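**Q** One structure is given below, represented as structure tokens, and several questions about it will come after.
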Amino acid sequence: MEPIQVLILMGSKSDRPIMEKTEAVLDAFDVPYRTMIRSAHRTPEATIEAVKAAEAAGCQVFICAAGMAAHLAGVVCSKTVKPVIGVPIAAGPLQGEDALHSTVMMPPGLPVATVGINGAKNAGLLAIQMLAQHDERLTRLLKEDRAAQAEAILAEG
Ligand code: RP5
């Protein structure tokens, strides 16, 4: 695997339309990443292999998106001490309530930083905030982004 700072995992190709928002953020901040489809339930061994390969490639933050009984972020957390961000995806009849609870309600000792249902953009930004703690370029870009958001609101009147 090429050097990366972030690994995006998603449980299914059906999650991709949502997770493209995470990719757009990482692209905008010029952060190297890799995206893979791996499922905690359907491909457990391959999921663990992906975590090992990403760490060997320098990965600093994992972003894991899954819907329904969403255990992907938790499984990844069990295999790394790098920060793990979980994105609960609205899939199936419970529309993400199931994924939110199964992602956020980790047992004590194994934290997953969980964003809102379909919160793919915030997952990307949170990953960049983590990386920015040791990166002045990213800190500057984050401050510019916040200023641009404020300007856009104030321009509305
Ligand atoms: C989860 O089940 C996936 O992350 C997806 O959100 C949901 C449905 O998967 P598919 O049946 O569309 O593959 O594992």
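**Q** Here is a list of conditions, (1) out of contact with any strand residue (DSSP E or B) (no Cβ under 6 Å at 6 or more places or on another chain); (2) surrounded by fewer than 17 Cβ atoms within 10 Å (Cβ to Cβ), and M36 meets all of them except one; can you say which number that is?
**A** (1)
**Q** Okay, moving on. Out of all the residues in segment 71-82, which are among the polar types (S, T, N, Q) and either touching a Lys or Arg at 6+ places or on another chain (Cβ under 8 Å) or part of a loop (DSSP other than H, G, I, E, B) (or both)?
**A** T80
**Q** Specify which of the listed residues (I48, I63) is assigned to a strand (DSSP E or B) and at pLDDT 95 or above.
**A** I63
**Q** Looking only at segment 85-123, count how many residues are out of contact with any strand residue (DSSP E or B) (no Cβ under 7 Å at 6 or more places or on another chain), over 15 Å from D15 (Cα atoms), touching a residue at least 12 places away in the same chain (Cβ under 8 Å) and away from the ligand (no atom under 16 Å from the Cβ).
**A** 3
**Q** Turning to a different aspect of this structure: Please determine, by comparing only the residues of segment 54-76 that are over 20 Å from K13 (Cβ atoms) and more than 16 Å from the ligand (Cβ to nearest atom), which one is surrounded by the most Cβ atoms within 10 Å (Cβ to Cβ).
**A** Step one: of segment 54-76, the residues over 20 Å from K13 (Cβ atoms) are 55-61, 74.
Now narrow it down to the ones that are more than 16 Å from the ligand (Cβ to nearest atom): 55-61.
Working: E55: 18, A56: 10, A57: 15, G58: 12, C59: 22, Q60: 18, V61: 26.
Within segment 54-76, the match that is surrounded by the most Cβ atoms within 10 Å (Cβ to Cβ) is V61.
**Q** Please determine, by comparing only the residues of segment 1-26 that are in a strand (DSSP E or B) and under 21 Å from L138 (Cβ atoms), which one is farthest from the ligand (Cβ to nearest atom).
**A** Of everything passing the filter in segment 1-26, V6 is farthest from the ligand (Cβ to nearest atom).
**Q** Could you say which residue among M130, M105 is buried (at least 18 other Cβ atoms within 10 Å of the Cβ) and hydrophobic (A, V, I, L, M, F, W, C)?
**A** M130
**Q** Follow-up question, since we're still on this one. Counting residues that are over 15 Å from the mean Cα position of the chain (by Cα), which helices (runs of 4 or more DSSP H) fully inside segment 83-157 reach at least 2? Before you say what the answer is, go through the steps one by one.
**A** On the way: elements: 97-104, 120-132, 136-155.
It comes to 97-104, 136-155.
**Q** Still on this structure: Which of (1) out of contact with any Phe, Trp or Tyr (no Cβ under 7 Å at 6 or more places or on another chain); (2) modelled with pLDDT of 95 or more does G157 not meet, given it meets every other one?
**A** The failed condition is (2).
Here's the yes/no breakdown for (1) touching a residue at least 12 places away in the same chain (Cβ under 8 Å); (2) over 26 Å from A132 (Cβ atoms); (3) over 12 Å from the mean Cα position of the chain (by Cα):
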| site | (1), (2), (3) |
| --- | --- |
| H41 | yes, yes, yes |
| E49 | no, yes, yes |
| A56 | yes, no, yes |
| G74 | yes, no, yes |
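**Q** If you check N122 against the conditions, is it under 15 Å from M19 (Cα atoms), touching a helix residue (DSSP H, G or I) at 6+ places or on another chain (Cβ under 8 Å) and not hydrophobic (A, V, I, L, M, F, W, C)?
**A** Values: under 15 Å from M19 (Cα atoms): yes; touching a helix residue (DSSP H, G or I) at 6+ places or on another chain (Cβ under 8 Å): no; not hydrophobic (A, V, I, L, M, F, W, C): yes.
Spelling it out, it is not the case that N122 is under 15 Å from M19 (Cα atoms), touching a helix residue (DSSP H, G or I) at 6+ places or on another chain (Cβ under 8 Å) and not hydrophobic (A, V, I, L, M, F, W, C).
The values are calculated or read from the model by the stated rules, or taken from the named source; none is laboratory data. Because the structure is a prediction, the values reported are computed rather than measured. We place every Cβ from the backbone using ideal geometry, glycine too, and count neighbours over all the protein chains shown.
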